[in-house]
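Quick notes on the structure that follows.
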Amino acid sequence: MKFKLIVDPDKEEEVVVTAHARSPLTDRLEQIVTQSAFSDRIAAYDEDEMLMLPLQQIECISVLDGKTYAIDTQNRRFRLKARLHELEEKLPAHFIRINKSTIANELRLKKFTPSFSGAVDAVFQCGHIEYVSRRCFAVIKRRYHL
């Protein structure tokens with residue numbers, strides 16, 4: 001396999017991959033290229049203030065009472081205008097779905113703990129806890145080969 005990078009500030013950015021067939025590597029490259037256009041910050045609202053919240057400070061994004069919220073590293077909630085499915089398409093690959101109404105930043109996950117009912121909870125570094133659905137936990141287990 002060959003790799004070639006040409007830096008030319010006068011030309012429009014373009015990524016071209018020539019491969020014999022689609023593979024997990026080509027899929028991952030496509031994901032990296034398409035998601036790199038997304039900023040590393042997201043507009044969030046705290047009461048009347050708007051701020052640009054860095055993605056690395058987001059523990060998870062959840063829907064509560066029909067509204068989308070980002071929970072940050074200090075366990076504070078910030079309102080987001082975008083819907084969860086819109087964010088899921090644009091966020092980097094380390095944001096993973098853990099249930100129907102929550103996307104987690106896997107870089108901020110501390111651990112998974114079993115609950116009494118047989119379900120699994122995701123515990124974040126800030127102390128926030130979210131339920132993990134069985135279907136999403138199966139995907140997470142396959143991702144980490146558990």
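What strands (runs of 3 or more DSSP E) lie completely within segment 1-102 and have 2 or more residues being among the small types (G, A, S)?
Working: elements: 41-46, 49-54, 58-64, 67-72, 77-80, 95-99.
Here the list reads 41-46.
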* To do: Read through the list (1) closer than 23 Å to L53 by Cβ; (2) among the hydrophobic types (A, V, I, L, M, F, W, C); (3) crowded, with 17+ Cβ neighbours inside 10 Å, then give the number of the only condition that A82 fails.
  => (3)
* Asked: Quick one: which of P92, P24, P9 is within 22 Å of Y144 (Cα to Cα) and exposed (fewer than 10 other Cβ atoms within 10 Å of the Cβ)?
  -> P24
* To do: Looking at (1) at pLDDT below 95; (2) touching a Leu at 6+ places or on another chain (Cβ under 8 Å), find the lone condition where R83 falls short.
  => (2)
* N75 fails exactly one of the following numbered conditions: (1) crowded, with 16+ Cβ neighbours inside 10 Å; (2) of a type outside the set (S, T, Y); (3) over 13 Å from the mean Cα position of the chain (by Cα). What is the number of that condition? -> (1)
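Every residue, every condition in (1) under 14 Å from the mean Cα position of the chain (by Cα); (2) loosely packed, with under 12 Cβ neighbours inside 10 Å; (3) at pLDDT 95 or above, yes or no:
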| residue | (1), (2), (3) |
| --- | --- |
| Q56 | yes, no, no |
| V63 | no, no, yes |
| S117 | no, yes, no |
| V120 | no, no, no |
| S133 | no, no, no |
| F137 | no, no, no |
| I140 | yes, no, no |
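Can you confirm whether D48 is touching a Leu at 6+ places or on another chain (Cβ under 6 Å), of a type outside the set (G, A, S) and either on the phi < 0 side of the Ramachandran plot or without any contact (Cβ under 8 Å) to a residue 60 or more places away in the chain (or both)?
On the way: touching a Leu at 6+ places or on another chain (Cβ under 6 Å): no; of a type outside the set (G, A, S): yes; either on the phi < 0 side of the Ramachandran plot or without any contact (Cβ under 8 Å) to a residue 60 or more places away in the chain (or both): yes.
No: the conditions fail for D48.
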* To do: Scan segment 102-125 and report the pairs whose first residue is free of Cβ contacts under 8 Å to residues at least 40 places away in the same chain and whose second residue is loosely packed, with under 14 Cβ neighbours inside 10 Å and in a loop (DSSP other than H, G, I, E, B), with Cβ atoms within less than 7 Å and a gap of 6+ or a chain change.
  => E106/H94; D121/S115
* Asked: With respect to G127, is the statement that it is over 17 Å from the mean Cα position of the chain (by Cα) and within 20 Å of R76 (Cβ to Cβ) true?
  -> yes
* Asked: Quick check, is A70 small (G, A, S), within 14 Å of the chain's Cα centre (by Cα) and more than 30 Å from T18 (Cβ to Cβ)?
  -> yes
* **Pairs, first within 21 Å of P92 (Cβ to Cβ) in segment 1-28, second in a loop (DSSP other than H, G, I, E, B) and of a type in the set (V, I, T), C-beta under 7 Å, six or more apart** => T26/V17
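Please return the ranges of strands (runs of 3 or more DSSP E) entirely within segment 105-146 where 3 or more residues are of a type in the set (S, T, Y).
Details: elements: 109-114, 120-124, 129-132.
Of the strands (runs of 3 or more DSSP E) lying wholly inside segment 105-146, none has at least 3 residues that are of a type in the set (S, T, Y).
The values are calculated or read from the model by the stated rules, or taken from the named source; none is laboratory data. Treat the numbers as computed from the prediction; the structure is a model and nothing was measured. Backbone-built Cβ (ideal geometry, glycine too); neighbour counts: all protein chains shown.
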